[in-house]
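Notes to accompany the following structure.
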Amino acid sequence: DSINVAQEVARKVLADHPAVLNDPEPSVLADSLGASTVNLRVYFWLNGGEHSWLKVRSSVIRLVKLAFQQQ
């Protein structure tokens, strides 16, 4: 699918996630090309005093994958 659409889907997941901070703004960037893929890199900030980086990262990955499947 379109790279722009994939980036928007991932950005929406980040915007809706309760642990992801809006400032600084999350980013979803095209990172590299595979044989039949475009690999995206997702950047976001969270409050480490309130949330576990590993748990939030896992949650974001699962939610982005689900959003891609539903798109």
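The values are calculated or read from the model by the stated rules, or taken from the named source; none is laboratory data. Please read all numbers here as calculations on a predicted model, not as lab measurements. Neighbour counts run over all protein chains shown; Cβ positions are idealised from the backbone, glycine included. Accessible surface areas use protein heavy atoms only, side chains included; no ligands, DNA or RNA. Shrake-Rupley method; radii C 1.70, N 1.55, O 1.52, S 1.80 Å.
Screening region 1-26 for residues that are β-branched (V, I, T) and in contact with a helix residue (DSSP H, G or I) (Cβ under 8 Å, 6 or more places away or on another chain) and picking the one that is nearest to F44 (Cα to Cα) gives V20. Do you know which residues across region 47-71 are in contact (Cβ under 8 Å) with a residue 40 or more places away in the chain and more than 15 Å from A6 (Cβ to Cβ)? Result: S59, single match. For region 25-46, which residues satisfy the criterion of being part of a loop (DSSP other than H, G, I, E, B) and open to solvent by less than 60 Å² (accessible area, probe 1.4 Å)? Within region 25-46, P26, G34, F44 qualify.
Put simply, of S32, S52, S27, S36 the only residue that is under 12 Å from the mean Cα position of the chain (by Cα) and of a type in the set (G, A, S) is S27.
Selection of first residues in region 21-46 that are on the phi < 0 side of the Ramachandran plot and free of Cβ contacts under 8 Å to residues at least 60 places away in the same chain and of second residues that are outside any strand (DSSP E or B) and surrounded by fewer than 13 Cβ atoms within 10 Å (Cβ to Cβ), restricted to Cβ pairs under 6 Å at least 6 apart or on distinct chains, gives the following pairs, ordered by first then second residue: A30/I3; V38/I3; W45/P24. As a summary of the residue check, R62 satisfies the conditions (1) in a helix (DSSP H, G or I); (2) open to solvent by less than 70 Å² (accessible area, probe 1.4 Å) except for the one numbered (2). Within region 1-24, the set of residues being part of a helix (DSSP H, G or I) and small (G, A, S) comprises A6, A10, A15.
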